[in-house]
Amino acid sequence: MSATRDVRYLDHAATTPLAPGVFEAMQQALLETPANPASLHGPGRAAAEQVEMAADTLGTLVNARPRDLIWTSGATESINLALKGAAEFVGDAAHLVSVVTEHSATLDTLAWLERRGTRVTRLGVDSAGRLDLDALETVVADGATLVSVMHVNNETGVIQDIEAIGAICGRHGALLHVDAAQSLGRLPIDCARMNIALLSVSAHKIGGPKGIGALFVRPRTGIAAQVHGGGQQRGLRSGTLATHQIAGFGAAARRVAETRDSEHQRLAALRDRLWAHIETLDGVMRNGERAHLAAPFLNVSVADVHGEALLVGLTEGALALAVSSGAACSAAKGQSSYVLRAMGRTPREAGASIRFSLGSDTDTAAVDEAGARFVAEVRRLRALAGVA
Amino acid sequence: MSIYFDHNATTPMHPDVFEAMRPWLTERHGNASSLHRAGREARAAVDEARGLVADCVNAHPSQIIFTGGGTEADNMALKGVAALRRPGRMLISPIEHPAITDAAEALERDGWQIGRVAVDGQGRVDVADLERQLAGGDVALVSIMVANNETGVIQDMDSIAPVVRAAGAWLHTDAVQAVGKLGFDFAASGAHCASLSSHKIQGPKGVGALVVDKQMDMSPLVHGGGHEQGLRSGSYNVAGIVGFGAAAKRLMADRDAEIAHMRDLRDKLETGLDAMPGITRFSANAERLANTCQFAVAGYDGEGLLMLLDREDIAVSSGSACAAGTGEPSPVLLAMGVDPAVAQGAIRVSLGPQNTLDEIQQFLRVLGRLSDGGGMAMPGSISASVLG
């Protein structure tokens, strides 16, 4: 793999390399417990044991009961199941409240529900990307059935105050769904204390495999199944369980449970170090307020540079930086960031923005190299454009 | 040595498939939607696998929509068509996989009329009845599987497809069991869409595909991000998809020899069974998958016999793994008109390419020993589930 030797991977919000021990757990599940975990025979029961162990680990990590966990193919499916399932269960009375800066899995699902007649309210954010809790309470008090908020934004790293939002939902009898794809393993999550009825998580953002996620469903939360079939997982999500994927998710969850707090400290220091490099430039702006950002994230808007040119300049060349200009999902479509525009950035500022997201394999040297490379590239592009 | 005779439930992963997946689980970990090099490499791997899966079923790569498995693909076909129309009529057969029958029941609750086409005593769809039920010209979609997971019965798609097309309905077929043990040619099948699953062909669990003819109008089942031409969102399970591609590639090279081997073993098994007293073989006179044999032993409950065989380290199924543990007789056999008391005794042997003649002989010896017992000394916990 000489092709990756000169790359600094700073795109852990898009996906992460497997954490230590995860590949081994997956390999063991693939080779030693290959049977269908729904089968009654011994090999099937051995596979089912792997699934149960992983559920225990994940439940502990978010303070929810393992038996309330529904395995899915990823956070996108979890979010679809939570929102469509809750809307379908309530029927015509459904009123879903969410935020304009949510992941497209939430926004696209809400748009689909809205076209089918479900009432949807979308709240804006302030210039720091934060939800106005008074505005939320007013809407929730007006008869919202479900509030869907992401814990940590995938583009900016902005943290929403889930505990306060959970309290608002509790006061007015609304269910709270949290998209925790970016916060699992990075911030503490406590479903009980935060009053979370539905929690969507993904393995591949925490050093687990792609293609596996989960939805925690608190007891007595009404949701309708979206994938019907053999009746696996209490009928809420049918389909053969992918034992090796689940075992990999469990191993990754075990790992982050041990490293989360120390990694948070370490990555926050590295993130600040990276910003110290970048803020030597004129015309750069950090998106989000430091006090409300998850440690691995640094999202920077750059004046007087064309966004696409900057991204291409950074991701190519002798020392390539694997960074992103937004969500991987919308990157493929070449759109400027709706998240940054919602925070009041002009389309031009939103366009010239770069997301760095650090992770377990990021060290001081990588941050210093990336910072120097970024500064040099911005200067090069500005010189080309005749900007001093 | 343990004997695994449950390949219709799931197959052990082929070593070549695991080796193909390995780099995508270790050093090559990009998100296939990211624009940087790690992302583009992952995208190229997904597209290579797409080509291999397409080749394997004679479809165009652009017709392959990757899903989280066969169950999701089945759900997507029915609900994806239903979502774009006012409730109308669909036809299924009563021997479809639960992914189809349960999805159809969900549509019934939404106001759809679901007609069930008759099958004969061997489990073959009655094409004349299909034609009658299509006569009104108001059927949106027909779903009939290529080959049944329990009995292995192969449907006459050459007769079914023209009838469905002449009536102006879409034809979906569940080809999950057929691909590895019969072969499936999408272009020649006459179907407009078809469900595939990786883990039935020695690929990984948790990945499948819906093959979709471009002229079909279909709504996605999972929204968010717009992956797979907008039909299936969610970060790509790169390693899983690569594994599916590798399994398809291997299968194309080995399938004919594997089918011949499995057929030879299955025929020897059936010769042995036919020489034993009290055995009822199902669908014995129909064209079946080369690896599948479903039968009942007089005096035994299927799940009870399964557990007795499990004690001898022989893994078989008493029906679909998905429905395992429900204690109900197989709906497939009941639809064929099998006496419920006999259907309750059904077990399924489904062979794989790695099975040997020694294993067949050992299985016959064990079964002979169990059924020779006459009164059949059985432990209390199991005798309770024995009929008659």
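Computed from the coordinates by the stated procedures, all read-outs in this text should not be read as laboratory data. As the structure is a computational prediction, the values presented were derived from the model and not from experiment. Positions of Cβ are generated from backbone atoms using ideal geometry, with glycine treated the same way; all protein chains shown enter the neighbour counts.
How far is helix B:98-109 tilted, in degrees, relative to the longest principal axis of the Cα atoms in chain B, given as a value from 0 to 90 rounded to the nearest 10?
Its long axis makes an angle of about 70 degrees.
Using alpha-carbon positions, what is the distance between the centroids of the stretch A:345-388 and the stretch A:129-164, in Å?
Cα centroid to Cα centroid, the span is 30 Å.
Where both partners of a DSSP beta bridge lie in the stretch A:118-211, what percent of those bridges are antiparallel, to the nearest 5?
20
Which percentage, to the nearest 5, of the DSSP beta bridges contained in the protein assembly as shown is antiparallel?
The answer is about 55 percent antiparallel.
What does the charge dipole of the stretch A:22-255 about its Cα centre add up to, to the nearest 20 debye, if the Cβ of each Lys and Arg holds +1 and the Cβ of each Asp and Glu holds -1?
Around 480 debye, computed over the stretch A:22-255.
Across the Cα atoms of the protein assembly as shown, what radius of gyration and what greatest pairwise Cα-Cα distance (Dmax) are found, in Å?
27.1, 97
Quick one: P(r) of the stretch B:177-232 from all Cα-Cα pairs, 10 Å bins, percents rounded to integers, in order of increasing distance.
In order of increasing distance, the bins hold 20, 45, 32, 3 percent.
Under 5 Å between amide hydrogens, which residues at least 5 positions from A:LEU176 or on another chain qualify, with H placed 1.01 Å from N in the peptide plane?
Those lying under 5 Å, H to H, from A:LEU176 are A:VAL147, A:ALA197, A:LEU198.
Skipping prolines and chain starts, which residues have an amide H placed within reach, meaning under 5 Å, of the one on B:ASN58, given they are 5 or more residues away or on another chain?
Here the answer is B:PHE186, since their amide H atoms fall under 5 Å of that of B:ASN58.
Once R0 is set to 45 Å, what does the formula 1/(1 + (r/R0)^6) return for the Cβ-Cβ distance between A:LEU31 and B:SER159, expressed as a FRET efficiency to the nearest 0.05? Before the final figure, lay out the partial values.
Values: r = 43 Å, r/R0 = 0.95.
In this case the efficiency is close to 0.55.
For the residue pair A:VAL375 and A:ARG348, what label-to-label distance in nm results when each label sits 7 Å from Cα along the Cα-to-beta-carbon direction?
The modelled label-to-label distance comes out at 2.6 nm.
So how many Å³ per residue does the convex hull of the Cα atoms of chain B work out to?
Taking the convex hull of the Cα positions in chain B, it is 138 Å³ per residue.
Quick one: A:HIS292, B:HIS172, B:HIS97, fewest Cβ neighbours within 10 Å first, how do they rank?
Sorted ascending by nearby Cβ count, the order is A:HIS292, B:HIS97, B:HIS172.
Report the one residue of A:LEU384, A:GLY235, A:LEU10 whose Cα lies farthest in the direction of the positive end of the charge dipole of chain A (charges on C-beta: Lys and Arg +1, Asp and Glu -1; origin at the Cα centre).
Result: A:GLY235, furthest along the dipole toward the positive end.
About the Cα centre of the protein assembly as shown, how large is the charge dipole given +1 on each Lys and Arg Cβ and -1 on each Asp and Glu Cβ? Please answer in debye to the nearest 20.
The dipole magnitude comes to about 1380 debye.
What distance in nm lies between label points placed 7 Å from Cα along the C-beta direction at A:ASP363 and B:MET1?
My value for the distance between the label points is 4.8 nm.
If one puts a single equal scatterer on every Cα of the stretch B:1-114 and applies the Debye formula without solvent, what log₁₀ I(q)/I(0) results at q = 0.11, 0.22 Å⁻¹?
Log10 I(q)/I(0), no solvent term: -0.60, -1.20.
Across the stretch A:367-377, in residue order, what do the Karplus-derived ³J(HN,Hα) couplings come to in whole Hz, using 6.51 cos²θ - 1.76 cosθ + 1.60 with θ = phi - 60° and x for Gly and Pro?
Values, residue by residue: 5, 5, 5, 5, x, 5, 5, 5, 4, 5, 5 Hz.
Considering only C-alpha atoms, what is the centroid distance from the stretch B:337-373 to the stretch B:43-117, in Å?
The distance from the Cα centre of the stretch B:337-373 to that of the stretch B:43-117 comes to 32 Å.
Counting pairs of alpha carbon atoms under 8 Å apart in space and at least six apart in sequence, what relative contact order in percent does chain B give?
The normalised contact order for chain B reaches 23 percent.
Based on the Cβ-Cβ distance from A:SER262 to B:ASN285, what FRET efficiency comes out when R0 is 45 Å, to the nearest 0.05?
0.10
Please list, in order along the stretch B:22-28, the HN-Hα scalar couplings obtained from phi with the Karplus expression 6.51 cos²θ - 1.76 cosθ + 1.60 (θ = phi - 60°), rounded to whole Hz, x for Gly and Pro.
Per residue, the Karplus-derived 3J(HN,Hα) values read 3, x, 7, 9, 10, 6, 10 Hz.
With only alpha-carbon atoms counted, please give the Rg and Dmax of chain A, in Å.
Rg, Dmax (Cα atoms, Å): 21.3, 73.
Can you grab the distance from the C-alpha centre of the stretch B:1-32 to the C-alpha centre of the stretch A:21-77, Å, no decimals?
16
Obtain the nm distance between the two label points defined at A:GLU279 and B:GLU108 by a simple spin-label model: each point lies 7 Å from its Cα along the Cα-to-C-beta direction.
Simple spin-label model gives 6.5 nm for this pair.
Between B:ALA187 and B:ALA166, how high is the FRET efficiency from 1/(1 + (r/R0)^6) when r is the Cβ-Cβ distance and R₀ = 25 Å? Nearest 0.05.
Efficiency for this residue pair is about 0.85.
With unit charges on the beta carbons (Lys and Arg positive, Asp and Glu negative) and the dipole taken about the Cα centre of the stretch A:22-255, which residue among A:ALA164, A:ALA111, A:PRO37 sits farthest to the positive side?
After comparing all options, I get A:PRO37.
If contacts are Cα pairs under 8 angstrom and at least 6 residues apart, what is the relative contact order of chain A in percent?
So the answer I get is 23 percent.
State to the nearest 20 debye the size of the charge dipole of chain B about its Cα centre, where the only charges are +1 on K and R beta carbons and -1 on D and E beta carbons. Kindly include the intermediate steps, with their values, before the conclusion.
Working: 32 positive and 46 negative charges, 185 e Å.
That gives chain B a dipole magnitude of about 880 debye.
Mind scanning B:LYS79/B:LYS181; A:LYS84/B:LYS79; A:LYS84/A:LYS210; A:LYS84/B:LYS200; A:LYS84/B:LYS205; B:LYS79/B:LYS200 and naming the pairs with a C-alpha gap bigger than 19 Å?
B:LYS79/B:LYS181; A:LYS84/A:LYS210; A:LYS84/B:LYS200; A:LYS84/B:LYS205; B:LYS79/B:LYS200
Just need log10 I(q)/I(0) for the stretch A:243-315 at q = 0.13, 0.24, 0.25 Å⁻¹, Debye formula, equal scatterers on the alpha-carbon atoms, no solvent, rounded to two decimals.
-0.58, -1.07, -1.12
Can you check what the Kirkwood hydrodynamic radius comes to for the stretch B:165-306, Cα pairs only, in Å to one decimal? Before the final figure, lay out the partial values.
Details: mean 1/r = 0.0552 Å⁻¹.
Over the stretch B:165-306, the inverse of the mean reciprocal pair distance is 18.1 Å.
State the answer as a single residue: which of A:THR362, A:LEU310, A:VAL140 lies farthest towards the positive end of the charge dipole of chain A, with beta carbon charges of +1 for Lys and Arg and -1 for Asp and Glu, about the Cα centre.
It is A:VAL140, whose Cα lies furthest towards the positive end.
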